[in-house]
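Step one of this worksheet: look at the structure below.
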Amino acid sequence: MDAIGLSRVQFALTAAFHYLYPPMSIGLGLLLVFIEAAWLKTGNALYHQMARFWTRVFGLIFAMGVATGIVMEFEFGTNWAAYSRFVGDVFGSALAAEGIFAFFLESGFLAVLLFGWDKVSRTFHFVSTCMVCLGAHFSAIWIVVANSWMQTPAGFHIVGEGASARAEITDFWAMVFNPSSIDRLFHTLCGAWQAGAFLVISVSAWYLLKRKHMDFARAAIRIALPVALVGSLLQLFSGHISAQGVAKNQPVKLAAFEGLYDTTSNAPLRMFGWVDEKSESVIGPAIPSLLSVLAHNDPSKPVTGLREAAPDPKDRPPVNMTFQFFHLMVAVGFGLIFISVLGLYHMRRGSLADNRWLLWLLVISVLGPHIANQAGWFAAEVGRQPWIVQGLLRTSDAVSPVLKADAVIASIFLFTAVYLLLFAVFIYLLNDKIQHGPDESDLVPTGKLARG
Amino acid sequence: MDFGTLDLNTTWFILIAVLFAGYAVLDGFDLGVGALHLFVKGDNERRTLLNTIGPVWDGNEVWLVTGGGALFAAFPNVYATVFSGFYLALVLLLVSLIFRAVAIEFRSKRESKLWRGVWDTSFSLGSLLSGFLLGVAFGNIAAGIPLDARGEFTGSFWTLLRPYPIMVGLTSIALFTMHGSIYALLKTNGTVHEKLRVWAPRAIWFFVVCYALLTIATFVWASHLVERFMSRPWLFCLAIVNLLAIANVVREIRRRRDWAAFMSSCVAVIMLLAICAIGMYPNLVLSAPNPEHSLTIRNAASSQKTLSVMLTIALIGMPLVIGYTSSIYYIFRGKVKLDRASY
């Protein structure tokens, strides 16, 4: 492989690993707001214990997110220098805004969230938790805006020619609100809320299975399951909106999602399947007309196929890979709705704690949002190929010209080794915290908190 | 916002210098505390030391993230050239920063001696190497690196390891260690404080020696940095302020006035960066041997539109940042007391 292929592998690897953590920070941040609000409202020490426990988990997840996140910022320059020169004028302001508005807010108030229990009042602690949650959401805004601009560029013009051409901003707000940013932000945030909610559900279900910390687990699941259901239903809705945007703005990507080669009216939606890129055909059970309905709200409307949208196969993404990632994401998304409905039903009936198979299902449900988040991003990014900025800059032209393949091989090995080690330690410590469970002493608020 | 005739390129040169100075002042003491970490023995002492930076290190690192983002946005060509040219050095810097960050989080999570030893070492080496590599990168940019006509770096990893940048790297370690030892004096009491009483003067002298050698080396290997000072002698005032600040650090530590020493140390860090920035202006990356290929605030910059949008963002954002950063430092003021929530 050359420096381009290797850089793509490295970026996929480091981004995928990084993206395990921010969704959990965002989602858990939201749940912490609910938990602390419940504590403020009821004064029930159980919620204090819950806030303490989940704050410790939050700290661990946050540290991993910070440690792996700084790699992402540097990688644009190290591996994708030509891209950075091309987009810097447009993309940089979003990244700088992320630093100023999101990261400072998040990291500053995180200190109070983690270490301020005995130093500030309950209300101030709650406000800090809200600020951390807000900061985490802000950080999603700017990075998704930047990525969306790569999908559907707007508010810019091209200055210069050939290798020295670059995009310059003409309208900041048109760049921020480019055609896909709101839909994709909503979609990303729903995925993050799911990641946070199912983490809490999974751990609580584990305690119910082991018949430990029963009150603690019941109370937590009562907060997390509704969030999971709302998140999962909103996700279905936002996914639909996003797909309509893709149909409109990135027809090649939508055709790749479904392995659709010929432009067809009453286009069918595949449940699952396999795309043979050589013979340009797809097999698998399909629901007639549904793709046309989903894309255009009208079964008779044609959906553009790959042969029309990208006549030259060189302008198409790897179709089967895009298809598989997309379908995996959708399947898991439906699974999560099913699991949260089932869980809520049994919770309302009071039969949750006795349903061992359901509890096991809830325990493993923590993997669901991660699989869907990762698959979704892979579908979105692979589906945009061969472009790094849709229609403007090819991935093959984006890599750093001075970069040597052997340097990238060295860094891939280094990052892989470091990340494997970190992941092992992360899982070990997370498991340790879960096995240890909530602290009984947290049922008695200490310090300033005792005074309310 | 419309900024009229304001020279946006120069403004952003200054703002990026401010961001990196903010990083050096704030995360500088975190890295310094890390450098000293292994010199302090005893689990309780080390834990105390770690918790002097516990609530703040993360926010301090954000100054680097924002500085990098601002560089990307304001001067994309500098960001692209430097980050791709210094590839392996930057990958090492990232790995160091990763180990520093996770070690802080992981270290006290298990009782095992081996566990704590491993993460103590990784915290300390990560901090030392981060400070060193930042210094080396900075030294290279200031001393000049080979660039071609398109502004791409034409050297290799070994080009970066010339004597002058290495001296800047060592001086960075020394500067941060001095700064961190004084910060830690402010934040501790008891046995660890007594140990730091011994280590702080040593760190200060280590810095003074490095600084003196670096000054000589600058006249020999990077004399272009002092040209502007020669032509505008009043700029030497800054150098004098810097020298006075360093001398005052020595004096105040002797008198055990740690606050005054820390303030002087902050001034010294800021002055050092200011002197470098003035020496560099209007270049951002100096090309040697072909100075005409240098990246400047004009040929490396984003459009005027982007610079003005970003200035608006900065003018809204910076007061907020300063507001909540100071309130966090206020909430966590005073000496460190270990409790359940501590690292």
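We did not get these values from a lab; they are worked out from the coordinates using the rules stated. Quick caveat: nothing in here was measured; it's all calculated off a predicted structure. Glycine also receives a Cβ, built like all others from the backbone with ideal geometry; neighbour counts cover every protein chain displayed.
Helices in chain B that qualify as membrane-span-like (whole DSSP H runs, Cα extent of at least 18 Å along the helix axis, mean Kyte-Doolittle hydropathy of -1.0 or higher) are B:8-37, B:57-74, B:87-106, B:113-143, B:163-187, B:191-221, B:236-254, B:258-280, B:304-331.
Taken along the Cα-to-beta-carbon direction at a fixed 7 Å, the label points for A:Ala410 and B:Arg298 span 3.7 nm.
Show me the helices of chain A, taken as full DSSP H stretches, that run 20 Å or more along their long axis by Cα and average -1.0 or above in Kyte-Doolittle hydropathy.
Numbers: long enough: A:3-18 (22 Å, 1.00); A:21-42 (31 Å, 1.15); A:45-79 (50 Å, 0.69); A:81-97 (22 Å, 0.89); A:122-151 (43 Å, 0.94); A:181-210 (43 Å, 0.87); A:214-249 (50 Å, 0.83); A:319-349 (45 Å, 1.16); A:367-382 (22 Å, 0.34); A:405-436 (46 Å, 1.51).
What comes out of the filter, once short or polar helices are dropped, is A:3-18, A:21-42, A:45-79, A:81-97, A:122-151, A:181-210, A:214-249, A:319-349, A:367-382, A:405-436.
Any idea what diffusion coefficient the protein assembly as shown gets from Stokes-Einstein, in µm²/s, Kirkwood Rh on alpha carbon pairs, 37 °C, 0.692 mPa s? Provide the component values of the computation, followed by the final result.
Details: Rh = 27.8 Å.
D = 118 µm²/s.
Listed cross-link partners B:Lys109/B:Lys335; A:Lys210/B:Lys41; B:Lys41/B:Lys335 are compared with a 30 Å cut-off, the Cα-Cα value being larger for A:Lys210/B:Lys41. In this calculation the C-beta distance from A:Trp274 to B:Glu111 is compared with R0 = 51 Å, giving a FRET efficiency of 0.45. With bins 20 Å wide beginning at 0, the percent of Cα pairs of chain B falling in each bin runs 30, 58, 12, 0. The slack in the chain from A:Leu392 to A:Arg222, taken as 0.36 nm per residue of separation less the alpha-carbon distance, amounts to 56.4 nm. Summarised in one figure, the compactness ratio Rg/Rh of the stretch A:276-412, Cα atoms and Kirkwood Rh, is 1.11.
Antiparallel as a % of all DSSP beta bridges within the protein assembly as shown, to the nearest 5? Present the calculation step by step, with values, prior to reporting the outcome.
On the way: 16 of 17 bridges.
Beta bridges within the protein assembly as shown, antiparallel portion: roughly 95 percent.
Can you put B:Lys195, A:Lys314 in order, fewest other beta carbons within 10 Å first? Can you show the working numbers first?
On the way: B:Lys195 19, A:Lys314 8.
Fewest-to-most Cβ neighbours within 10 Å comes out as A:Lys314, B:Lys195.
The distance between label points at A:Val444 and B:Arg254 comes to 5.3 nm (points 7 Å beyond Cα on the Cα→Cβ vector). When its C-alpha radius of gyration is set against 2.2 N^0.38 Å (N residues), chain A gives a value of 1.03. The stretch B:99-179 has equivalent-ellipsoid semi-axes of 34, 14, 9 Å, by the square roots of 5 times the alpha carbon gyration tensor eigenvalues, sorted largest first.
Cross-link list A:Lys314/B:Lys305; B:Lys195/B:Lys337; A:Lys433/B:Lys187: which exceed 25 angstrom alpha carbon to alpha carbon?
Working: A:Lys314/B:Lys305 36 Å; B:Lys195/B:Lys337 17 Å; A:Lys433/B:Lys187 29 Å.
Flagged as over cut-off: A:Lys314/B:Lys305; A:Lys433/B:Lys187.
In this structure, B:Phe157 and B:Tyr329 have a Cβ-Cβ separation that, at R0 = 51 Å, corresponds to a calculated FRET efficiency of about 0.85. Sorted fewest first by neighbouring Cβ atoms within 10 angstrom, A:Glu440, A:Glu258 come out as A:Glu440, A:Glu258.
Quick one: A:His370, B:His37, A:His157, fewest Cβ neighbours within 10 Å first, how do they rank?
On the way: A:His370 19, B:His37 23, A:His157 10.
Ascending Cβ contact count within 10 Å gives the list A:His157, A:His370, B:His37.
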